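Have a look at the structure below before the remarks.
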Amino acid sequence: TQLLEQSPQFLSIQEGENLTVYCNSSSVFSSLQWYRQEPGEGPVLLVTVVTGGEVKKLKRLTFQFGDARKDSSLHITAAQPGDTGLYLCADESGAGSYQLTFGKGTKLSVIP
Amino acid sequence: GAGVSQSPRYKVAKRGQDVALRCDPISGHVSLFWYQQALGQGPEFLTYFQNEAQLDKSGLPSDRFFAERPEGSVSTLKIQRTQQEDSAVYLCASSQRAQGLTGELFFGEGSRLTVL
């Protein structure tokens, strides 16, 4: 059974600071998705990465996928209060599987 | 509608009661998923429908959980004889893709179930 570990579990920073959160897998990712979930809402897809070493940018967010496809990071530059939420990484649990395996998430609070 | 709609948003049940949670996916989306999210945890897969066919129910925690999607659109998740450990947010998601997950899942806001 694949295990996804996310760190840190909680992160509280001041507006304008930079931060990085991590997602590590016990096995190679099929494809990795990052989601953000705001309180009282469902997760919203931010990005999908598939290729080892891949880097994707989404405005102030930079996503990196490890060469071995077992780890990923999300870096946020100049965090804003609107970035507050639970950041989840998820992987398809194998070819032909319909299941997404989620990590427990990193709960980010950006203080104005 | 524009997004995935779930109802009720909040449900309080006494232990032993039956509950039904409804999901209205994005129109035309073939795939529909149910996930359970306990407090402080990530979502966990419950079941998957492709149109009206339930192709995977391996995540349902017990035979008290039952899901259906009879006409390939609206889905209902039913929990019989609720227990305190059933307390969680139940998330529904839909996708226009028929096979696999190499595409975007659109989640609803969830139904928060509290069992007293």
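Converting the Cα gyration tensor eigenvalues of chain B into ellipsoid dimensions via √(5λ) gives semi-axes, longest first, of 23, 14, 13 Å. Scaling the Cα radius of gyration of the protein assembly as shown by the globular reference 2.2 N^0.38 Å produces a ratio of 1.02.
A Förster distance of 25 Å, applied to the separation of the beta-carbon atoms of A:Ala68 and B:Gln54, puts the FRET efficiency at 0.10.
Label-to-label distance, A:Lys59 versus B:Glu71, with points set 7 angstrom from Cα along the beta-carbon direction: 3.9 nm. Per residue, the solvent-accessible area of the protein assembly as shown (1.4 Å probe, heavy atoms of protein chains only, all protein chains present) comes to 48 Å².
What do you get for trypsin sites (Lys or Arg not before Pro) in segment A:11-112 restricted to DSSP loop and a cutoff of at most 11 other Cβ within 10 Å of the site's Cβ? The qualifying sites are A:Lys59. By DSSP, the beta bridges lying fully in chain B are antiparallel in about 90 percent of cases. For the residue pairs A:Lys104/B:Lys11; A:Lys59/A:Lys104; B:Lys57/B:Lys78; A:Lys104/B:Lys78, the C-alpha atoms sit more than 22 angstrom apart in A:Lys104/B:Lys11; A:Lys59/A:Lys104; A:Lys104/B:Lys78. Taking A:Gly42, A:Gly85, A:Gly53 as the candidate residues, the one with maximal mean-square fluctuation in a Gaussian network model of chain A, Cα springs under 10 Å, is A:Gly42. Can you give the FRET efficiency for B:Ala2 and A:Gln80, using 1/(1 + (r/R0)^6), R0 = 30 Å, r = Cβ-Cβ distance, to the nearest 0.05? The computed FRET efficiency comes out at 0.70. Overall size of chain A from C-alpha positions, given as principal axis extents largest first: 43, 29, 20 Å.
The values are calculated or read from the model by the stated rules, or taken from the named source; none is laboratory data. Note that the structure is predicted; figures quoted are calculated from it, not measured. Reconstructed Cβ throughout: ideal geometry from the backbone, glycine too, with neighbour counts over all protein chains shown. Surface areas here come from the heavy atoms of the whole protein model, side chains and all, with no ligands, DNA or RNA. Shrake-Rupley method; radii C 1.70, N 1.55, O 1.52, S 1.80 Å.
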